[in-house]
1. Does segment 448-459 contain at least one residue that is at pLDDT below 90, surrounded by 10 or more Cβ atoms within 10 Å (Cβ to Cβ), among the β-branched types (Val, Ile, Thr) and not in a strand (DSSP E or B)?
2. Would it be correct to say that Val262 is farther than 30 Å from Pro163 by Cα and either of a type in the set (A, V, I, L, M, F, W, C) or in contact with a Pro (Cβ under 6 Å, 6 or more places away or on another chain) (or both)?
3. Are any residues in segment 355-380 assigned to a helix (DSSP H, G or I) and closer than 14 Å to Tyr452 by Cα, and if so, which ones?
4. Can you tell me which condition Leu194 does not meet? The list is (1) touching a residue at least 60 places away in the same chain (Cβ under 8 Å); (2) in contact with a strand residue (DSSP E or B) (Cβ under 7 Å, 6 or more places away or on another chain); (3) open to solvent by less than 10 Å² (accessible area, probe 1.4 Å), and all the others hold.
5. In the set Gly195, Gly211, Gly223, Gly215, which member is under 24 Å from Asn422 (Cα atoms) and of a type outside the set (Phe, Trp, Tyr)?
6. Any chance segment 157-167 includes a residue that's surrounded by 15 or more Cβ atoms within 10 Å (Cβ to Cβ) and among the small types (Gly, Ala, Ser)?
7. Can Val205 be described as among the aliphatic types (A, V, I, L, M), more than 28 Å from Ser252 (Cβ to Cβ) and part of a strand (DSSP E or B)?
8. With respect to Thr269, is the statement that it is outside the structural domain of Val391 (by the TED database) and either under 21 Å from Asp24 (Cα atoms) or over 20 Å from the mean Cα position of the chain (by Cα) (or both) true?
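The values are calculated or read from the model by the stated rules, or taken from the named source; none is laboratory data. Predicted model only: the values in this text are computed from it and were never measured. Note: ideal-geometry Cβ built from the backbone for every residue, glycine included; neighbour counts use all protein chains shown. When the accessible area is computed, the model is the full protein with side chains, heavy atoms only, and any ligands, DNA or RNA have been set aside. Shrake-Rupley method; radii C 1.70, N 1.55, O 1.52, S 1.80 Å.
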Amino acid sequence: MEGSGEQPGPQPQHPGDHRIRDGDFVVLKREDVFKAVQVQRRKKVTFEKQWFYLDNVIGHSYGTTFEVTSGGSLQPKKKREEPTAETKEAGTDNRNIVDDGKSQKLTQDDIKALKDKGIKGEEIVQQLIENSTTFRDKTEFAQDKYIKKKKKKYEAIITVVKPSTRILSIMYYAREPGKINHMRYDTLAQMLTLGNIRAGNKMIVMETCAGLVLGAMMERMGGFGSIIQLYPGGGPVRAATACFGFPKSFLSGLYEFPLNKVDSLLRGTFSAEMLSSEPKDSALVEESNGTLEEKQASEQENEDSMAEAPESNHPEDQETMETISQDPEHKGPKERGSKKDYIQEKQRKQEEQRKRHLEAAALLSERNADGLIVASRFHPTPLLLSLLDFVAPSRPFVVYCQYKEPLLECYTKLRERGGVINLRLSETWLRNYQVLPDRSHPKLLMSGGGGYLLSGFTVAVDNLKADSSLKSNASTLESHETEEPAAKKRKCPESDS
């Protein structure tokens, strides 16, 4: 049963993979707020205006709920029994309750003194309930709402969950939807379904959604198959992909190819020299100026800006600035001597990247991809018309855009071009519901839109284009069928007479 190295596919998960380990990517959850971070010892994390360390979460199972204690330490929260219905005293209605600010006997100074004594948030909430003069006059629903509001304010409860497509898409859409082109999580699910993403496929993806669509595809394929990512600019952005925490075996089937080389690949003029000429020269210039480290640090900071979401106070900013300021100009003689090794290592990685680009070009040249996914901030029409040539017949393609007008133009161009069937322009409608005893109803606030999808299937049209006489024969046949024979025309009046 142990891996013998015969199969190149990803290894099965170990039994301890449900445990949190040092270096894993996790998602912190508090109520409906999420934040993706990497577990590192003695690293200060700020979440919902609270700071703490993640050292104590190592070894616990995913889904464990922790409570922030003094000193920023996390301790597993013990489940406590809910009070029975007999002990609750509730009123019949709230008509006589006046919100004049005098119902609470505890002042802000008293609450602050309780916090300074180290009293837990649960006990503070209990004190607020006991010192409220109107709590027992409220209805049972109003009491539950009051308790929930106070717990959110005073209890520092955090749940550590495992990253998934649904959790990360909800996190991005709620906090910074502009980074994912305002793609809602139900729209992403529709893309995966319409694109027939499954294990063993050979997929092409062009996305500018911080790597969220790429990560969703990799999760669904499970490390089996290949994905070719086309990227604009100097390199692909995979901030959201890194938050999934995929093993290295998943990356073996991931290829990347620059978008500006697609036209040369279609024309057949692409060569290895087109890739080898640019990276080495630019790398030497950057490394000679000593700016490569600063550039990478700024890119990493931009990529992690979603995982490390913006808060009002950032205690970790000082540590980040200290790391960035350690550039080669400020290093000692020994560290400057290791700069040559650093440059050689970078050149080696760029050479590996060039080989991966050539492998991606070879895969694209086969023109037998099993599907195409496009979700970018660029106009979809030129992208789709070019990339469809790499897709095999009878394969699905899906295009996402925040607005429907570009997709309508793309729809028209595809109908004129031909080679596609079952074109469909759709928009999903989403509404959340509150499901509670005796008070289930749609929520008052809902999303106004999650984007539009254009989907369809490719078909082979080479035979029809090659045989030009087929259309002429068909038109001649139709003319013969529509025209009635002359003999029948003469017989008709004779039969009537």
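1. no
2. Against the criterion (farther than 30 Å from Pro163 by Cα and either of a type in the set (A, V, I, L, M, F, W, C) or in contact with a Pro (Cβ under 6 Å, 6 or more places away or on another chain) (or both)), Val262 qualifies.
3. Within segment 355-380, just Pro380 meets the criteria.
4. (3)
5. Gly195
6. Within segment 157-167, none of the residues are surrounded by 15 or more Cβ atoms within 10 Å (Cβ to Cβ) and among the small types (Gly, Ala, Ser).
7. In short, no.
8. Yes.
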